[in-house]
Amino acid sequence: MPSILTTRPQSGPNGGILSHLKKQAGAWHNDRIMIKKLLPLVLILLVACETKNPVQALPDITFSQFPRLTLNVGRIDVSSSYRPPLKAPNVEHLLPVSPEKATRSWARDRLEKSSVSINHARFTIITAPVIESKLKQSSGLKGLFTKEQAERYTATVEANLEIFDDRGFRRGFASARAQRSRTIAEDASLNQREKMWFDLVEALMTDFNAEMEKNIRVHLVGWVR
């Protein structure tokens, strides 16, 4: 009976190399497919990481739209006795326009001297902080799926206006104090936070402007026109 001739796969050195190359080629092919699939996602992530919030241009807080309060003095000195701590919970040094800066602008824009008087006025900023307070957050599932207010910011400003005669005796005094607060959401961006701070100080100074003008006209009636 004729014998059946069978052949076996080549198992020598050359056969092993060929098998390895075939496996490697297949792996490279799969890697290339995976890279092509992942490349768009990687590019999107890189662009997202490099994208920054555009810098917003916030205006100054000024009061030139209001009429000047002309005082019967030959000089107006503006100063501040408030010293910002520059640390938490105070954040006024982080604001685009701090209450102290806005109050100095108020004095510059609203107070006017009389060129012939020998008396002088002194406008002093007593306090102008902005305090950050952390708000309590919900826990559990409600906290996970609810966007809540995260911080409250409380801004305060107080200032005095004094009138002195040529001998240094105080002849008149008026003061005003205002306070406002606002909260912000936990997911607020930096631009949103800065806009909220700006709106807070603007509202604060609107109150201060009205209160100080009223008190000047009441308590310094003989010194203002």
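With the condition kept exactly as written, say whether any residue in region 126-137 is farther than 30 Å from H219 by Cα and surrounded by 14 or more Cβ atoms within 10 Å (Cβ to Cβ).
Initial filter on region 126-137 (farther than 30 Å from H219 by Cα): 131-137.
Still in the list and also surrounded by 14 or more Cβ atoms within 10 Å (Cβ to Cβ): 131-132.
Yes, the conditions are met somewhere in region 126-137.
In the list V73, V116, V91, which residue meets the criterion of being more than 29 Å from the chain's Cα centre (by Cα) and farther than 23 Å from V218 by Cα?
Values: V73 fails: farther than 23 Å from V218 by Cα; V91 fails: more than 29 Å from the chain's Cα centre (by Cα).
That would be V116, the only listed residue that is more than 29 Å from the chain's Cα centre (by Cα) and farther than 23 Å from V218 by Cα.
Which is among the aliphatic types (A, V, I, L, M), in contact (Cβ under 8 Å) with a residue 24 or more places away in the chain and touching a Gly at 6+ places or on another chain (Cβ under 6 Å), of I184, I163? It would help to see each step written out before you state the result.
Details: I184 fails: touching a Gly at 6+ places or on another chain (Cβ under 6 Å).
That would be I163, the only listed residue that is among the aliphatic types (A, V, I, L, M), in contact (Cβ under 8 Å) with a residue 24 or more places away in the chain and touching a Gly at 6+ places or on another chain (Cβ under 6 Å).
What number of residues within region 146-170 satisfy the criterion of being more than 17 Å from A185 (Cβ to Cβ) and basic (K, R)?
Adding up the residues that qualify gives 2.
Where residues in region 161-196 are surrounded by fewer than 16 Cβ atoms within 10 Å (Cβ to Cβ) and of a type in the set (F, W, Y), which of them is nearest to R104 (Cα to Cα)?
Of everything passing the filter in region 161-196, F173 is nearest to R104 (Cα to Cα).
If we scan region 90-99, do we find a residue that is β-branched (V, I, T), crowded, with 18+ Cβ neighbours inside 10 Å, touching a residue at least 24 places away in the same chain (Cβ under 8 Å) and not in a strand (DSSP E or B)?
Yes, region 90-99 contains at least one residue that is β-branched (V, I, T), crowded, with 18+ Cβ neighbours inside 10 Å, touching a residue at least 24 places away in the same chain (Cβ under 8 Å) and not in a strand (DSSP E or B).
Which count do you get for residues in region 153-207 that are of a type outside the set (A, V, I, L, M) and in a strand (DSSP E or B)? Before the answer, list the steps.
Here is the first cut: in region 153-207, the ones of a type outside the set (A, V, I, L, M) are 153-154, 156, 158, 160, 162, 164-173, 175, 177, 179-183, 186-187, 189, 191-195, 197-199, 202, 206-207.
Pick out the ones that are also in a strand (DSSP E or B) and you get 153-154, 156, 158, 160, 162, 164, 170-173, 175, 177, 179-183.
Residues flagged as of a type outside the set (A, V, I, L, M) and in a strand (DSSP E or B) within region 153-207 amount to 18.
For region 105-122, does any single residue satisfy the condition of being assigned to a loop (DSSP other than H, G, I, E, B), at pLDDT 95 or above and either surrounded by fewer than 17 Cβ atoms within 10 Å (Cβ to Cβ) or among the aliphatic types (A, V, I, L, M) (or both)?
No, every residue in region 105-122 fails to be assigned to a loop (DSSP other than H, G, I, E, B), at pLDDT 95 or above and either surrounded by fewer than 17 Cβ atoms within 10 Å (Cβ to Cβ) or among the aliphatic types (A, V, I, L, M) (or both).
Inside region 123-137, can you point out the residues that are assigned to a loop (DSSP other than H, G, I, E, B), of a type outside the set (A, V, I, L, M) and either touching a Ser or Thr at 6+ places or on another chain (Cβ under 6 Å) or modelled with pLDDT of 95 or more (or both)?
Of the residues in region 123-137, the ones assigned to a loop (DSSP other than H, G, I, E, B) are 128-129, 135-137.
Those still in the list that are of a type outside the set (A, V, I, L, M) too: 129, 136-137.
Listed by number, the list holds a single entry, P129.
Would you say D199 is surrounded by fewer than 16 Cβ atoms within 10 Å (Cβ to Cβ), closer than 20 Å to I61 by Cβ and not hydrophobic (A, V, I, L, M, F, W, C)? Working first, answer last.
Numbers: surrounded by fewer than 16 Cβ atoms within 10 Å (Cβ to Cβ): yes; closer than 20 Å to I61 by Cβ: yes; not hydrophobic (A, V, I, L, M, F, W, C): yes.
Yes.
The values are calculated or read from the model by the stated rules, or taken from the named source; none is laboratory data. This structure is a prediction, so every number in the text was calculated from the model and none was measured. Cβ coordinates were reconstructed from backbone atoms using ideal geometry, including for glycine residues, and neighbour counts include every protein chain displayed.
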